[in-house]
Amino acid sequence: MAGEEREQWGSRVAIIVAAVAMAVGTGNIWRFPRVAAEWGGGAFLVAVTVGVVVWAVPLLMCEFLMGSRSRLGNIGAFRDFMGPRNTWAGAFMACVTIGIMFYYSVVAGWCIRYFVVAATGGMQPGIEGQAFWDEFIGSPVETIGYHAAAVAFTAGVVFRGIKGGLERVLKIFLPALLFILLVLAVRAVTLPGSGEGLRYLFVPEWSLLLSGRVWLEAFTQVAWSTGAGWGLMMVYAVYARDREDIGVNSGIIAFSDVLVGFVAAAIILGTLFAVAPDEVAAEALAAGNVGLTFIYIVDLLATMPGAAVLSALFFLALALAGISSFIAMFELATTNLMNFGVERRRAAVWVGLATFLFGIPSAVNITFLDNQDWVWGVGLLISGLLTALAVTRYGIEKARAEINETSDVHIGRWWSVCMRMIPVLFVGIFGWWVYQSVVDHPDTWWNPFETFSTGTMVVQWLVLFLVVFALNDFLARRVRAGPMTETTSSSDRSRV
Amino acid sequence: MDIELLTWMLFFIGGYAAVLGLLLRKAIWKDPKDPLDGPTG
């Protein structure tokens, strides 16, 4: 890197905006309302808040610390925090998120398509959500085409770099997304009958706090929604300015993400219960992420006054949320590739081509997409565990002292306690998902060719583990040296 | 909208907004001329 100017965010506001845009994704809009309504409303929100404090904020701080100290992507950061023998852990984390990116670009493409149709007046009364969805998803030309559009746009943003690309675009995307969500929320809560939906969301059924399932669902939601443990914050922190505040920034990111989830839930549940009969609303909530968003919402918005504008705004918000998270994943892959000596523009092109090619199976086969979502979505929990283990290996108290050096709020011993609890939480959450898979699919849970089986998860993770283990020494040697890299072997590593 | 619902909405949304506000204030407080560009930046 000698003689090369290090890329960095232009200001503190830039890294916060980018990180909040990373965390606020489609999951805030289509998953949070559904799960919150199903698992006790206000009681679920209490469990989510505990999850934010004991899982999301501590892990975001870990990622921030690892990225900003090592100045390297996930692979290099793990090498420098856990030692060269554990470089595989960073590669595992990067591959899990890249695995998600391959199908997430397809989902971003769906959002763009729905926005285009809505904006051109295609979502009018009489439209049938199910038929519309079936026609779209059955047309590979369209699904691949919109997937390609999402990849091309994102590659263009990452190609232009941190300041000229990501910062410029995300500073427009995030305020626009928040403004649209607020407009839609005001519309939703002022609809006659919306109160019933809002009751589902906010009024607690306290008895449900005694249910382990509520806590598991809440922690899973927090793990997936805030981006903690994905490795994305680690990569954004690589470009943080020196002595960037880790404590306050991590808190802002996690609490903003959940607050946006509240607003999105008010839109979805308020509209759903105002427009549809109660049984249809319940049916829509049970239809899963895709069914709720791309089928039921289309039907419901079309029946409302101002359908064209409302539909266009809703799908624009969804597209902005999806693409801003996709940009973060794309940047993760690009930064890791750059650490092997590839120049940014070339790396962005390579990542774009790979994302397009490896996304095609998900674009043409929704069962494959569902499988990948299942395998790598649960795999994120392992990434979160590995992050906590990396910081444990580095020294929890040493890490806390370093975080406090640059934080405007003092991070107390609670953080160290949370770090020690994360492996226990992992066993609980992960064990639950495996148990759930076995109970839901008693005859096929072991079968690696079933979409949602434990077998398919284990086999695909094992393949990845074997590959990253086998490549460990190669990766440790080839990733360039950062400021933390031990100098004894730096001659082998300084290749950029 | 009934009082119970309004109370809980205020509790959750207000609570999160208050925490976020305090964190943002902490970030802005040290250097009000350069909002969000705190002393550590």
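The calculated 222 nm mean residue ellipticity attributable to helices in chain A amounts to -24000 deg cm²/dmol, summing -39500 (n - 2.57) over DSSP H runs of n ≥ 4 and dividing by all residues. Is the shape of the stretch A:403-471 best called rounded, prolate or oblate, per the rule: a/c under 1.5 gives rounded, else a/b larger than b/c gives prolate, else oblate, with a ≥ b ≥ c the square roots of the Cα gyration tensor eigenvalues? Here the stretch A:403-471 falls in the oblate category. The HN-Hα couplings worked out from phi for the stretch A:389-406 by the Karplus form 6.51 cos²θ - 1.76 cosθ + 1.60 (θ = phi - 60°) are 5, 4, 6, 5, 5, 5, x, 5, 5, 5, 5, 5, 4, 5, 5, 5, 4, 10 Hz, whole numbers, x standing for Gly and Pro. Placing unit charges on the Cβ atoms of the charged side chains and taking the dipole of chain A about its Cα centre, the candidate lying farthest along the positive direction among A:Thr485, A:Val222, A:Val468 is A:Thr485.
Leaving out ligands, DNA and RNA, and with a 1.4 Å probe, what % of the accessible surface on chain A is carbon or sulfur? Solvent-exposed carbon and sulfur of chain A make up 65 percent of the total. Loop only per DSSP, at most 16 neighbouring Cβ atoms within 10 Å: give me the GluC sites (Glu not before Pro) in the stretch A:106-212, ordered by residue number. Within the stretch A:106-212, the qualifying GluC sites (Glu not before Pro) (loop, at most 16 other Cβ atoms within 10 Å) are A:Glu128, A:Glu205. Evaluate E = 1/(1 + (r/R0)^6) for A:Val427 and A:Val309, where r is the Cβ-Cβ distance and R0 equals 56 Å; express this FRET efficiency to the nearest 0.05. Once the sixth-power term is evaluated, E becomes 0.70.
Note: relative contact order over the stretch A:12-482, using C-alpha pairs below 8 Å and six or more positions apart, is 34 percent. Taking R0 as 35 Å, what's the FRET efficiency between B:Leu6 and A:Asp443 from their Cβ-Cβ distance, rounded to 0.05? My answer for the efficiency is 0.10. Between the exposed loop cleavage positions of chain A, defined as trypsin sites (Lys or Arg not before Pro) in a non-H, G, I, E, B DSSP state with at most 15 neighbouring beta-carbon atoms within 10 angstrom, the longest gap is A:244-494. Working note: Karplus 6.51/-1.76/1.60 with θ = phi - 60° gives the stretch A:453-464 the couplings 9, 5, x, 5, 4, 4, 5, 5, 5, 4, 4, 5 Hz, where Gly and Pro are set to x.
Listed values for the stretch A:197-206 are Karplus-derived 3J(HN,Hα) couplings in whole Hz (6.51 cos²θ - 1.76 cosθ + 1.60, θ = phi - 60°), namely x, 5, 4, 4, 7, 9, 7, x, 9, 4, and x replaces Gly and Pro.
In a reduced charge model with +1 at each Lys and Arg Cβ and -1 at each Asp and Glu Cβ, chain A shows a dipole moment near 1720 debye about its Cα centre. Under 1.5 on a/c is rounded, so check that first for the stretch A:349-496, then, if it is not, pick prolate when a/b is larger than b/c and oblate when it is not; a ≥ b ≥ c are the square roots of the alpha carbon gyration tensor eigenvalues. Taking the square roots of the gyration eigenvalues as a ≥ b ≥ c, the stretch A:349-496 is oblate.
For the residues A:Trp432, A:Trp110, a 1.4 Å probe over the protein chains yields an accessible-area ranking, largest first, of A:Trp432, A:Trp110. Buried surface between chains A and B: roughly 2500 Å² of accessible area, summed over both sides, computed with a 1.4 Å probe on protein heavy atoms only.
Remark: accessible surface ordering of A:His147, A:His441, A:His410 (largest first) is A:His410, A:His441, A:His147, probe radius 1.4 Å. The residue among A:Ile98, A:Pro33, A:Leu292 whose Cα reaches farthest toward the positive pole of the charge dipole of the protein assembly as shown, with charges on the beta-carbon of Lys, Arg, Asp and Glu, is A:Ile98. Would you please classify the overall shape of the stretch A:316-395 from the alpha carbon gyration tensor, given that a ≥ b ≥ c denote the square roots of the eigenvalues, rounded means a/c under 1.5, and beyond that prolate means a/b larger than b/c while oblate covers the rest? Since a/c reaches 1.5 but b/c is at least a/b, the shape of the stretch A:316-395 is classed as oblate.
Along the charge dipole of chain A, Cβ charges K/R +1 and D/E -1, which of A:Pro442, A:Met338, A:Leu198 sits furthest on the positive end? It is A:Met338. Ranking B:Trp8, A:Trp230 from most to least accessible surface, computed with a 1.4 Å probe over the protein chains only, gives B:Trp8, A:Trp230. Plainly put, the protein assembly as shown has a radius of gyration that is 0.95 times its Kirkwood radius, both from alpha-carbon atoms, as the Rg/Rh ratio.
The values are calculated or read from the model by the stated rules, or taken from the named source; none is laboratory data. Fair warning: this is a prediction, and the values are worked out from it, not measured in the lab. Quick reminder, even Gly has a Cβ in these numbers, built from the backbone with ideal geometry, and neighbours come from all protein chains shown. Protein only, heavy atoms only, side chains kept; ligands, DNA and RNA dropped before computing areas. Shrake-Rupley method; radii C 1.70, N 1.55, O 1.52, S 1.80 Å.
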